[in-house]
Amino acid sequence: MTGTLPEALQAPTKRVSRGWITSVVLVNLGINIVIFAPLNVLLGLQATAIDAGSKEAILSLVTACGAAVALVSNPLFGALSDRTVSKMGRRSPWILAGAILGAASLLMLSGATTVGLMLIGWCALQASVNAAYSTVTAAVPDRVPSANRGSVGGLAAMGQTVGILLGAVVGFVISGNVAVGYIICAVALVVSVVPYVLRPNDPQLPKECRAPFKLGEFLKSFWINPVKHPDFGWAWLTRLMMNTGNQMTIVYLLFYLTDVVRHPDPAGGVLVLTGTYAVMVIISAVIFGPMSDTSGKRKIYVIFSSIVVACSALIIAVFQTFPGAIAGAAVLGLGFGAYLAVDFALLTQVLPSSRARAKDMGVINIANSLPQVIAPALAFFAVTVIGSYSALFVVAACIGLVGAFLVRNIRSVP
């Protein structure tokens, strides 16, 4: 195609409104409620109710299969949204559909009393919310100038974190009634997307700008050659390692409080730790995101935050008490808040093509989903084979430190 690119494919230059940013934050909030309420509490309680003696194996199986679905669905739906021609734009239809199907999946989970039903419901939920997540993530490089993405990334991280916190609140207030927890999540998901889909958010893609669909070329597009696009490759790898270490730290948190700390109210303990973590993430994200924009630098903040996150796992490994866990949660929040804000901005600056932002962000998001497969397996090995939660947290810290070191290989972003 020759001539001026349509707005949907141009690099954004105008600041977005506070209302638009708020709608993006709310979508992130809703998605994270419905992911982390089950991950932190609901799935664990279901696994225990089905077979207390095999609860670790059931939880690892369900979460790993769900992550495998997310692994595929995130870039797939992102690529489809890149090609979407609609009066609502490219992103809004997928956000709306993801929320509706996600709510239906949560209702299925609310009645699951077998491992098979848990597995189907969780996989369906992962597919649905990843359709919404891949597209709302792409909306930021669609609409926000690169110089402002640290600030917007910090606010999006705040939405994610409040969602995680509210997910823990859901687990705490249901008093063991898992079905009620899933119903609350379903309502929250649908409500969270309403402000976004009711606004004229997304520039429309003209039909003449959409290339003819060819299955072979479509499938090949998911491979982004790291030799041709090395900064994209390094950014993907470092995010994979960072998220693997972080996921290992939290995946067995409920069981850690139950079996090691011997907390009298593990669900309440998860809420306290998540609240501590959330407060620190919010503070860190809204401080370091704008700082990164002002300085024009990204890598130094990503490296620093990755090291801080690794230190949090070591704190939990050494001090296996509830106060030690609180200290670890606070340090984790401090590091991860800065990481979420600044690394997101960095990632949007290494995307290979303006025509495939959602697909490329979906490929990046594989680095968010794949750790949900890797981390439970590593955690299960550490806890059941080595027989030590300390080993779990030390391995998590080492993975994070390697990821921090590799950030230096990104060249095009300061």
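Number of residues in the stretch 278-304 that are over 10 Å from Ala341 (Cα atoms) and polar (S, T, N, Q) equals 2. For the stretch 92-124, the tally of residues that are in contact (Cβ under 8 Å) with a residue 60 or more places away in the chain and in contact with a Gly (Cβ under 6 Å, 6 or more places away or on another chain) stands at 3. With respect to (1) open to solvent by less than 50 Å² (accessible area, probe 1.4 Å); (2) free of Cβ contacts under 8 Å to residues at least 12 places away in the same chain; (3) more than 30 Å from Asp82 (Cβ to Cβ), the lone exception for Gly181 is condition (2). Could you list, in sequence order, all residues of the stretch 175-190 that are small (Gly, Ala, Ser) and part of a loop (DSSP other than H, G, I, E, B)? Ser175, Gly176 - these are the residues of the stretch 175-190 that are small (Gly, Ala, Ser) and part of a loop (DSSP other than H, G, I, E, B). Selection of the stretch 124-144 for residues being surrounded by fewer than 24 Cβ atoms within 10 Å (Cβ to Cβ) and small (Gly, Ala, Ser) yields Ala124, Ala127. Only a single item in (1) within 19 Å of the chain's Cα centre (by Cα); (2) surrounded by 19 or more Cβ atoms within 10 Å (Cβ to Cβ) is not met by Cys65, and it is number (2).
Meeting the requirement of 2 or more residues that are out of contact with any Cys (no Cβ under 7 Å at 6 or more places or on another chain), more than 21 Å from Leu39 (Cα to Cα) and open to solvent by less than 10 Å² (accessible area, probe 1.4 Å), the helices (runs of 4 or more DSSP H) wholly within the stretch 296-408 are 299-318, 322-348, 357-369, 389-406. Just one of the numbered conditions (1) closer than 29 Å to Gln10 by Cβ; (2) of a type in the set (Val, Ile, Thr); (3) open to solvent by 10 Å² or more (accessible area, probe 1.4 Å) is not true of Ile164: (1).
Determine whether Ile326 is within 17 Å of Val395 (Cα to Cα) and either of a type in the set (A, V, I, L, M) or more than 18 Å from the chain's Cα centre (by Cα) (or both).
no
Residue pairs whose Cβ atoms lie under 8 Å apart, separated by 6 or more positions or on different chains, with the first residue in the stretch 145-174 and under 30 Å from Lys297 (Cβ atoms) and in a loop (DSSP other than H, G, I, E, B) and the second aliphatic (A, V, I, L, M) and modelled with pLDDT under 90, are Pro145/Ala11.
Leu29: closer than 24 Å to Ile95 by Cβ and in contact with a Lys or Arg (Cβ under 9 Å, 6 or more places away or on another chain), yes or no? Against the criterion (closer than 24 Å to Ile95 by Cβ and in contact with a Lys or Arg (Cβ under 9 Å, 6 or more places away or on another chain)), Leu29 does not qualify.
Can you find, within the stretch 39-51, the residue that is nearest to Pro371 (Cα to Cα) among those that are open to solvent by 50 Å² or more (accessible area, probe 1.4 Å) and not aliphatic (A, V, I, L, M)? First the steps, then the outcome.
The initial filter retains those residues of the stretch 39-51 that are open to solvent by 50 Å² or more (accessible area, probe 1.4 Å), namely 45, 48-51.
Those left that are additionally not aliphatic (A, V, I, L, M): 48, 51.
On the way: Thr48: 23, Asp51: 25 Å.
For the stretch 39-51, the residue satisfying everything is Thr48.
Within the stretch 222-234, the set of residues being over 15 Å from Val402 (Cβ atoms) and touching a helix residue (DSSP H, G or I) at 6+ places or on another chain (Cβ under 7 Å) comprises Phe222, Ile224, Pro226.
Picking from residues in the stretch 181-207 that are at pLDDT below 95 and aliphatic (A, V, I, L, M), the one that is farthest from Ile95 (Cα to Cα) is Leu205. Within the stretch 31-49, the presence of a residue that is farther than 30 Å from Val281 by Cβ, outside any helix (DSSP H, G or I), of a type outside the set (Asp, Glu) and at pLDDT below 95 is excluded. Among the candidates Ser54, Ser23, the residue that is assigned to a helix (DSSP H, G or I), more than 24 Å from Lys220 (Cα to Cα) and open to solvent by 20 Å² or more (accessible area, probe 1.4 Å) is uniquely Ser54.
The values are calculated or read from the model by the stated rules, or taken from the named source; none is laboratory data. If you're wondering where the values come from, they're calculated on a predicted model, not measured in any experiment. Because the Cβ atoms are built from the backbone with ideal geometry, glycine has one as well, and the counts that use them run over all protein chains shown. With ligands, DNA and RNA removed, areas are computed over all heavy atoms of the protein, side chains included. Shrake-Rupley method; radii C 1.70, N 1.55, O 1.52, S 1.80 Å.
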